[in-house]
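**Q** Mind looking over this structure? Questions follow.
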């Protein structure tokens, strides 16, 4: 159980790290006083969503080749 | 071995369209996945096929996640700003309100700092003679008559027009203009003399 949690945490962390440039870019949509808040909110939201959203089951690889 | 390669090539050739599907393409660009697929083509056992499927499904899910997060960041930041602007406009401080309907300049931008100006005047003084740095010029100015000094001060320090000065001193604009010219001439004269 703890193992699964660890795996999830690591995955989330990599995703956030990989998306940091994109987040920084999107911060420009708000005033500069609000940017730090927004950055935090976005990261929070990502963690929340990755934990709750069930990603649809993928189709089988061989379905493409039938 | 040559036979194997032929078999794999044949498979990809037959399914050219699917292989060019972006998700399959990105899946196969990983050499580990490509190896699994090749193995499954050559030895299409259940286990080999299942291995490919597992790998493919995690790949597919990852792509979904990335896409999801990417959209999330974009739309969340837009919403965040909208929400903030709406709240701010609802509880607007009087000073933050725009002067006109369109906004632009706010009321607080038009507040003048009077103490600042006063301080500057206290240090420098407001008269013409207070503002001269050149010593020679100061001495030449002191040689002018009081009236001439007054006129120069009104023209160059207070930025009044000849007409306004004439009204203040109860004479004609022509007279002011004359006195002004005479004063400048006298200044010029004394300065040139000193320069020699």
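**Q** Any idea how many residues of the stretch B:2-32 are part of a helix (DSSP H, G or I) and in contact with a helix residue (DSSP H, G or I) (Cβ under 8 Å, 6 or more places away or on another chain)? I'd like the intermediate steps shown before the answer.
**A** Restricting attention to the stretch B:2-32, the residues satisfying the condition of being part of a helix (DSSP H, G or I) are B:2-14, B:16-19, B:22-28, B:31-32.
When the remaining residues are screened for being in contact with a helix residue (DSSP H, G or I) (Cβ under 8 Å, 6 or more places away or on another chain), the result is B:4, B:7-8, B:11-12, B:18-19, B:23-28, B:32.
Qualifying residue count for the region: 14.
**Q** Filtering the stretch A:1-20 down to residues that are assigned to a helix (DSSP H, G or I) and over 13 Å from the mean Cα position of the chain (by Cα), which residue is nearest to the other protein chains (Cβ to nearest Cβ)?
**A** A:7
**Q** Going by the structure shown, is residue B:70 within 13 Å of chain A (Cβ to nearest Cβ), surrounded by 16 or more Cβ atoms within 10 Å (Cβ to Cβ) and touching a helix residue (DSSP H, G or I) at 6+ places or on another chain (Cβ under 8 Å)? Show your work before the answer.
**A** Details: within 13 Å of chain A (Cβ to nearest Cβ): yes; surrounded by 16 or more Cβ atoms within 10 Å (Cβ to Cβ): no; touching a helix residue (DSSP H, G or I) at 6+ places or on another chain (Cβ under 8 Å): yes.
When the stated conditions are applied, residue B:70 does not pass them.
**Q** Then there is this: Can you confirm whether the stretch B:6-22 contains a residue that is more than 10 Å from every other protein chain (Cβ to nearest Cβ), in contact (Cβ under 8 Å) with a residue 12 or more places away in the chain and either within 30 Å of residue A:38 (Cβ to Cβ) or surrounded by 14 or more Cβ atoms within 10 Å (Cβ to Cβ) (or both)?
**A** Scanning the stretch B:6-22, I find at least one residue that is more than 10 Å from every other protein chain (Cβ to nearest Cβ), in contact (Cβ under 8 Å) with a residue 12 or more places away in the chain and either within 30 Å of residue A:38 (Cβ to Cβ) or surrounded by 14 or more Cβ atoms within 10 Å (Cβ to Cβ) (or both), so the answer is yes.
**Q** Still on this structure: In this structure, does residue B:96 turn out to be touching a strand residue (DSSP E or B) at 6+ places or on another chain (Cβ under 6 Å) and without any contact (Cβ under 8 Å) to a residue 24 or more places away in the chain? Break it down into steps so the answer makes sense when it comes.
**A** Numbers: touching a strand residue (DSSP E or B) at 6+ places or on another chain (Cβ under 6 Å): yes; without any contact (Cβ under 8 Å) to a residue 24 or more places away in the chain: yes.
Against the criterion (touching a strand residue (DSSP E or B) at 6+ places or on another chain (Cβ under 6 Å) and without any contact (Cβ under 8 Å) to a residue 24 or more places away in the chain), residue B:96 qualifies.
**Q** Filter the stretch A:23-38 down to the residues that are touching a helix residue (DSSP H, G or I) at 6+ places or on another chain (Cβ under 7 Å) and either more than 9 Å from chain B (Cβ to nearest Cβ) or not in a helix (DSSP H, G or I) (or both) and list them by number.
**A** As a first pass, look at the stretch A:23-38 and keep what is touching a helix residue (DSSP H, G or I) at 6+ places or on another chain (Cβ under 7 Å): A:23, A:26-27, A:29-30, A:34-35, A:38.
Passing the criteria: A:30, A:34, A:35.
**Q** Then there is this: Scanning for something more than 13 Å from chain A (Cβ to nearest Cβ), within 37 Å of the chain's Cα centre (by Cα), exposed (fewer than 12 other Cβ atoms within 10 Å of the Cβ) and not in a helix (DSSP H, G or I), does the stretch B:82-91 turn up at least one residue?
**A** Scanning the stretch B:82-91, I find at least one residue that is more than 13 Å from chain A (Cβ to nearest Cβ), within 37 Å of the chain's Cα centre (by Cα), exposed (fewer than 12 other Cβ atoms within 10 Å of the Cβ) and not in a helix (DSSP H, G or I), so the answer is yes.
**Q** Test each condition in (1) facing chain B (nearest Cβ under 10 Å); (2) outside any helix (DSSP H, G or I) for residue A:50 and report the one that comes out false.
**A** That leaves (2) as the condition not met.
**Q** Here's a follow-up. Among the listed residues B:194, B:147, which satisfies the condition of being out of contact with any helix residue (DSSP H, G or I) (no Cβ under 6 Å at 6 or more places or on another chain) and either at pLDDT 85 or above or more than 30 Å from residue B:94 (Cβ to Cβ) (or both)? Give the steps one after another, and end with the answer.
**A** Details: B:194 fails: out of contact with any helix residue (DSSP H, G or I) (no Cβ under 6 Å at 6 or more places or on another chain).
Residue meeting the stated conditions: B:147.
**Q** Please determine whether any residue of the stretch B:143-155 is more than 19 Å from residue B:129 (Cβ to Cβ), surrounded by fewer than 17 Cβ atoms within 10 Å (Cβ to Cβ) and assigned by TED's automatic domain parsing to the domain that holds residue B:127. Don't jump to the end; show me each part of the working.
**A** At the first step, the residues of the stretch B:143-155 found to be more than 19 Å from residue B:129 (Cβ to Cβ) are none.
No; the residues of the stretch B:143-155 include none that is more than 19 Å from residue B:129 (Cβ to Cβ), surrounded by fewer than 17 Cβ atoms within 10 Å (Cβ to Cβ) and assigned by TED's automatic domain parsing to the domain that holds residue B:127.
**Q** Also: In the stretch B:161-176, is there at least one residue being under 22 Å from residue B:131 (Cα atoms), in the same structural domain as residue B:127 (by TED's automatic domain parsing) and not in a helix (DSSP H, G or I)?
**A** Yes, the stretch B:161-176 contains at least one residue that is under 22 Å from residue B:131 (Cα atoms), in the same structural domain as residue B:127 (by TED's automatic domain parsing) and not in a helix (DSSP H, G or I).
The values are calculated or read from the model by the stated rules, or taken from the named source; none is laboratory data. From a predicted model like this one, the values you see are computed outputs, not experimental measurements. Quick reminder, even Gly has a Cβ in these numbers, built from the backbone with ideal geometry, and neighbours come from all protein chains shown.
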